[in-house]
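Asks: Attaching a single structure in structure tokens format; questions to follow.
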Amino acid sequence: MTDKKGLDPKAYTILADGEEYKPYVAASESPAEFTIKSIGLGILFGIIFGAANAYLGLRAGLTISTSIPVAVMTVAVFRALQKTGIHGTILEANIAQTTGSASSSLASGIIFTLPALFMWNMAPGLLQMTVLAMSGGLLGVLFMIPLRRYLIEREHGKLPYPEGMACAEVLVANEVGGNRAKNIFVGIGMGALFKFLTSWLHLIPGHATLTIPFIKKAQVGFDLSAALFGVGYILGRRVALIMVGGGLLSALIIIPGIAYWGDAREIPLFPETLHLIRDMPTGQIWSRYVRYIGAGAVAAAGIITLIRSLPVMLHSFKASASQLTRVAGDGAPAQLPRTRQDLPLKTVGIGVLLIVAFLGFAPWAFGNVGGVGIRLVAASCVAVFAFFFVTVAARIVGLVGVTSNPTSGMTIAALLGTATVFLLMGWTDGTGKAATLIVGCVVAIAVSIAGDTSQDLKSGFLIGATPKRQQRAELIGVLTSAVFVCAAVILLGKAFGFGSAELPAPQATLMRLVIDGVLDQNLPWGLVGIGIGITLVCEIFKVPSLPFAVGVYLPVSTMTPIFLGGMLRHYLEKRAANQEDMEGRRERGVLLGSGFVGGEGLLGVGIAGVAFALNRKPDGIGTEWLGPQWLAETVGFAAFLLLVYWFVSRVRRSD
């Protein structure tokens, strides 16, 4: 039993046969849980972080898990409400974070795929995007319901679900006391303020560039972004080092190599058809050539990650399928304790059938993609790929966490499988491409939501939540946040343009390249082959290929602030006085970093809204007052270092 000072130690161990874990809140207790204030706060915070994650993903190809920030913010609001006589329980805080965290998974699936439709000039409307987001989210949650008892209860100890465990620890710690929530609110304010200075007032530049002497067209950029710095602190040193290594390979070796090789070339190199390599600036060489090399590297790394996971995937699918059969055959036992009650299996079956039928027969779900035949084939691909990859993802994230979930690899596999089917049927025109991408979108959202749901259910299992109430909260989170996340994506696209320097939309660009390559058969395979070779070399030398390939694919300016954040986390934790101080620095930094992401993302969406309303971006003051460009960038970098100094000072400070 727990003494209400922390989680039961058995939360970290494998239970013996017949032994049951005793959660923080016993099954015999019935505190408030699924309430209006818990759902309302979850919806509010979900909208905030969903929009912020959409901006972050479109800018850097990365998103962060928001369960812990939402949980901490909810506890802070509950404490503020206590002065008015309104109290909140730990189970209500858990319902709020379950509701709110769904939006981040929706954002991941949407920004991975749908911007490609805008790049093809087949822009979907808000209604269509919202329907697709809801469909993928609902499928992911519904497919997870019958798996909970097997993956969360029976595999307890074997599948740690690290984010779910961490969120449960934070909820219990905040129940006991502490001043953690202030860090995330302060981080939101500082992230928004710095973005306001760089992108609204344009008082200081948002980017700094260092030209490397004696190396042709070699440049190292640095995005002056609080959000990217915060992401680096959240990811840590190892991932940050690997990613910046890939970025430096592109900036200091691949781009100069292409420049030296093309110096004497008198005709354009495909896919460029107009300009000679020697006349291209560094950015154009990256756009026309390095991007394809990076795409080949990321695609190969994603597929290799998927292949490496095949034994686990097949075992997981077999075990999960047998569990589904057992649940369907046995039915729900009567009089289950509160902490073991799931939504009925009948709800799952009816819900899945309705969603798939809707996608197949509704003429506007897949957009203008032909008749019922192509829509039914596409809907069937959604059902097959979503069911398989959801069952796989739910187990993989239990072992390695949400951040290591190979969502991009699974999405690429779904795209390749669907594109191959369409190629065999002759559906290779624009409507075939759109249908293929939409299949990938729904599958990506379902896979992402499944990982998020499994972590939330693990948190609930540890603290003693009611599973069916969490499942309802997850469904509500999907339905309420979908329209806001999709609206944020549309606003951002209209304001900045997908594929622009501000919003490169790297994952969606990659998915577009994959579909074009299969259906049009016109990729520059030489460049793609170089990228595949880079990934294979990484595998030979035991370097994690996927984060390195992402570094090659993205501009190095995106990687450098991530690298700085990761290295600072390592430094601060190493210099901690003791274990307690180290854990405090880690938590304060992660919450501040999450606040940076939320603040910058929200202001980015706000700028997009202003640009949409005025039909132009805010003019601001401009950086001309700083003099020449090199001096302006120096001042901007100095301002960024002041922000970092403030961050370090606050992380070192005890709550």
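Asks: Exactly one condition in (1) in a helix (DSSP H, G or I); (2) surrounded by 18 or more Cβ atoms within 10 Å (Cβ to Cβ) is not met by Leu269; state its number.
Replies: Answer for Leu269: the failing condition is (1).
Asks: Kindly indicate whether any position in the range 175-193 is within 30 Å of Tyr21 (Cβ to Cβ), without any contact (Cβ under 8 Å) to a residue 40 or more places away in the chain, out of contact with any helix residue (DSSP H, G or I) (no Cβ under 6 Å at 6 or more places or on another chain) and outside any strand (DSSP E or B).
Replies: Scanning the range 175-193, I find at least one residue that is within 30 Å of Tyr21 (Cβ to Cβ), without any contact (Cβ under 8 Å) to a residue 40 or more places away in the chain, out of contact with any helix residue (DSSP H, G or I) (no Cβ under 6 Å at 6 or more places or on another chain) and outside any strand (DSSP E or B), so the answer is yes.
Asks: To continue, here is another question. Report yes if some residue within the range 545-564 is touching a residue at least 24 places away in the same chain (Cβ under 8 Å) and touching a Lys or Arg at 6+ places or on another chain (Cβ under 8 Å); otherwise report no.
Replies: Within the range 545-564, one or more residues are touching a residue at least 24 places away in the same chain (Cβ under 8 Å) and touching a Lys or Arg at 6+ places or on another chain (Cβ under 8 Å).
Asks: Please count how many residues of the range 80-95 are within 15 Å of Val170 (Cβ to Cβ) and surrounded by fewer than 11 Cβ atoms within 10 Å (Cβ to Cβ).
Replies: Adding up the residues that qualify gives 0.
Asks: Could you go through the range 83-102 and let me know if any residue there is of a type in the set (Val, Ile, Thr) and without any contact (Cβ under 8 Å) to a residue 40 or more places away in the chain.
Replies: yes
Asks: Oh, and also: Pick from Ser459, Ser481, Ser500: which is crowded, with 20+ Cβ neighbours inside 10 Å, of a type in the set (S, T, N, Q) and either under 19 Å from the mean Cα position of the chain (by Cα) or part of a loop (DSSP other than H, G, I, E, B) (or both)?
Replies: Only one candidate passes the filter, namely Ser481.
Asks: Further question: Inspect the range 431-448 for any residue being of a type in the set (Ser, Thr, Tyr), in a helix (DSSP H, G or I) and more than 23 Å from the chain's Cα centre (by Cα) and give the result as yes or no.
Replies: Looking for residues that are of a type in the set (Ser, Thr, Tyr), in a helix (DSSP H, G or I) and more than 23 Å from the chain's Cα centre (by Cα), one finds at least one in the range 431-448, hence yes.
Asks: I'm told Gly221 meets every condition in (1) assigned to a strand (DSSP E or B); (2) in contact with a helix residue (DSSP H, G or I) (Cβ under 8 Å, 6 or more places away or on another chain); (3) farther than 21 Å from Val550 by Cβ; (4) not β-branched (Val, Ile, Thr) except one. Can you identify the failing condition by its number?
Replies: Condition not satisfied by Gly221: (3).
Asks: Within the range 337-368, take every residue that is more than 28 Å from the chain's Cα centre (by Cα) and part of a loop (DSSP other than H, G, I, E, B) and give me the one that is nearest to Val390 (Cα to Cα).
Replies: Across the range 337-368, the extreme among qualifying residues is Pro344.
Asks: Answer yes or no as to whether Thr535 is among the polar types (S, T, N, Q), touching a Ser or Thr at 6+ places or on another chain (Cβ under 9 Å) and part of a helix (DSSP H, G or I).
Replies: Considered against the rule, which asks whether it is among the polar types (S, T, N, Q), touching a Ser or Thr at 6+ places or on another chain (Cβ under 9 Å) and part of a helix (DSSP H, G or I), Thr535 comes out as yes.
Asks: Please determine, by comparing only the residues of the range 35-71 that are among the aliphatic types (A, V, I, L, M) and modelled with pLDDT under 85, which one is surrounded by the most Cβ atoms within 10 Å (Cβ to Cβ).
Replies: Among them, the one singled out is Ile64.
Asks: Of all residues in the range 53-74, which are assigned to a loop (DSSP other than H, G, I, E, B) and either in contact with a His (Cβ under 7 Å, 6 or more places away or on another chain) or among the β-branched types (Val, Ile, Thr) (or both)?
Replies: Hits for the range 53-74 are Thr63, Ile64, Thr66.
Asks: Sticking with this one: Please enumerate the residues belonging to the range 553-609 that are surrounded by fewer than 24 Cβ atoms within 10 Å (Cβ to Cβ), hydroxyl-bearing (Ser, Thr, Tyr) and farther than 14 Å from Ser225 by Cα.
Replies: Residue satisfying the conditions is Tyr571 alone.
Per-residue answers, yes or no, for (1) under 30 Å from Ile607 (Cβ atoms); (2) in a helix (DSSP H, G or I); (3) of a type outside the set (Phe, Trp, Tyr); (4) in contact with a helix residue (DSSP H, G or I) (Cβ under 9 Å, 6 or more places away or on another chain):
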position: Ser103; (1), (2), (3), (4): yes, yes, yes, yes
position: Ile110; (1), (2), (3), (4): yes, yes, yes, yes
position: Phe118; (1), (2), (3), (4): yes, yes, no, yes
position: Met122; (1), (2), (3), (4): yes, no, yes, yes
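Asks: In the range 530-552, which residues are surrounded by 24 or more Cβ atoms within 10 Å (Cβ to Cβ) and either of a type in the set (D, E, K, R) or in contact with a Cys (Cβ under 8 Å, 6 or more places away or on another chain) (or both)?
Replies: Ser545, Phe548, Ala549
Asks: Read through the list (1) at pLDDT 90 or above; (2) surrounded by 14 or more Cβ atoms within 10 Å (Cβ to Cβ), then give the number of the only condition that Arg288 fails.
Replies: (1)
Asks: Of all residues in the range 519-529, count the ones that are part of a helix (DSSP H, G or I), hydrophobic (A, V, I, L, M, F, W, C) and surrounded by fewer than 20 Cβ atoms within 10 Å (Cβ to Cβ).
Replies: Total meeting the criteria: 2.
Asks: To continue, here is another question. Would you pick out the residues in the range 382-393 that are out of contact with any Gly (no Cβ under 7 Å at 6 or more places or on another chain) and hydrophobic (A, V, I, L, M, F, W, C)?
Replies: Val382, Ala383, Val384, Ala386, Phe387, Phe388, Phe389, Val392
The values are calculated or read from the model by the stated rules, or taken from the named source; none is laboratory data. Only a predicted model underlies this, so the values are computations on that prediction, with no experimental measurement involved. Because the Cβ atoms are built from the backbone with ideal geometry, glycine has one as well, and the counts that use them run over all protein chains shown.
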